[in-house]
1. From the set of residues in the stretch 83-119 that are touching a residue at least 24 places away in the same chain (Cβ under 8 Å) and acidic (D, E), which is farthest from P181 (Cα to Cα)?
2. Residues of the stretch 86-103 being under 17 Å from G65 (Cβ atoms) and polar (S, T, N, Q), which ones?
3. Scan the stretch 91-102 residue by residue and report those that are out of contact with any Phe, Trp or Tyr (no Cβ under 8 Å at 6 or more places or on another chain) and of a type in the set (A, V, I, L, M, F, W, C).
4. State which residue is farthest from G118 (Cα to Cα) when the search covers only the stretch 224-241 and only residues that are touching a Lys or Arg at 6+ places or on another chain (Cβ under 9 Å) and outside any loop (DSSP other than H, G, I, E, B).
5. Report, by residue number, each residue of the stretch 174-207 that is over 12 Å from V223 (Cα atoms) and basic (K, R).
6. Only one of these is surrounded by fewer than 17 Cβ atoms within 10 Å (Cβ to Cβ), free of Cβ contacts under 8 Å to residues at least 12 places away in the same chain and under 16 Å from the mean Cα position of the chain (by Cα): D220, D164, D231, D215. Name it.
7. Which ones in the stretch 77-122 are of a type in the set (A, V, I, L, M) and modelled with pLDDT of 90 or more?
Amino acid sequence: MSARTPRCQNVIDQYTPARTPVAGHTVLVVEDDPSIRTLLTSALTAAGYTVASAADGQEAMTEAGSRRPDLIVLDVMLPDTDGFQLTRDLRAQGTYTPVLFLTARTGVEDRIIGLSSGGDDYVTKPFHIQEVLLRIRAILRRSSAPASTSGVRPPLRYADLTLDERTHEVRRTGRLLKLSPTEFRLLACLLSRPERVLDKTEILQQVWQYDFSGDTRIVDTYVKNLRGKIDRDPPALIHTVRGVGYCLRLPRDEPNTAAR
């Protein structure tokens, strides 16, 4: 689809950031196919975003460091690396910019690998430009949202776990934990309602603000990642309620010393 057809321009107008709270953001497009890179760059520019682009992983790392984009649209299959590894490299160096993957890989395992590597969303090729624009807007809205409508709320606490929205820090037994923005929002969702079972659809709406066509596997993937950081040492706090969702609580056989 051409970025300049009337149909596409109508889509761009519908999702233009000038009509939303996400205006003025910079998006880095990493795509080795020139035609797709041009389409994305043109559509995003027409929608009001500042756009940078890269054709391979090395160039992407350079652009990410110098431009400090608000979001990265990242092709999975690049000539010198793959997007999953590139995301891991970015996370390892402390860059937690939200990542939207674009890929021809449609398998569930690929989606899980991508999200496990630190990605925030996943769009398969061939894609509709309106879907990409919608998901970009949703990701930026989440990452730009204030902590609360009446100012930053006090730190959330449960047992030995603390989440501070003001400093964007999470600590367990005093140890600072490094979480991605999505992991932070997921933990805040669970921690704001301790000992309450949250179903996966509710978590999708609270954390991603997007229903993923009813596919809740992204929740499972991120909970697995979060457990690897939060529950590295006992006692485990994040528990699965089979067939329903997840709950943040102390194990049932331990005394409840929780504080909200």
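1. D110
2. T87, Q93, T95, T97
3. Correct list: A92, V99.
4. Top of the filtered list is H239.
5. R175, K178, R193, R196, listed by residue number.
6. D215
7. Of everything in the stretch 77-122, those that are of a type in the set (A, V, I, L, M) and modelled with pLDDT of 90 or more turn out to be M77, L78, L86, L90, V99, L100, L102.
The values are calculated or read from the model by the stated rules, or taken from the named source; none is laboratory data. Just so it is clear, the structure is predicted and the values come from calculations on it, not from any experiment. Note that each Cβ is placed from the backbone with ideal geometry, even for glycine, and that neighbours are counted across all protein chains shown.
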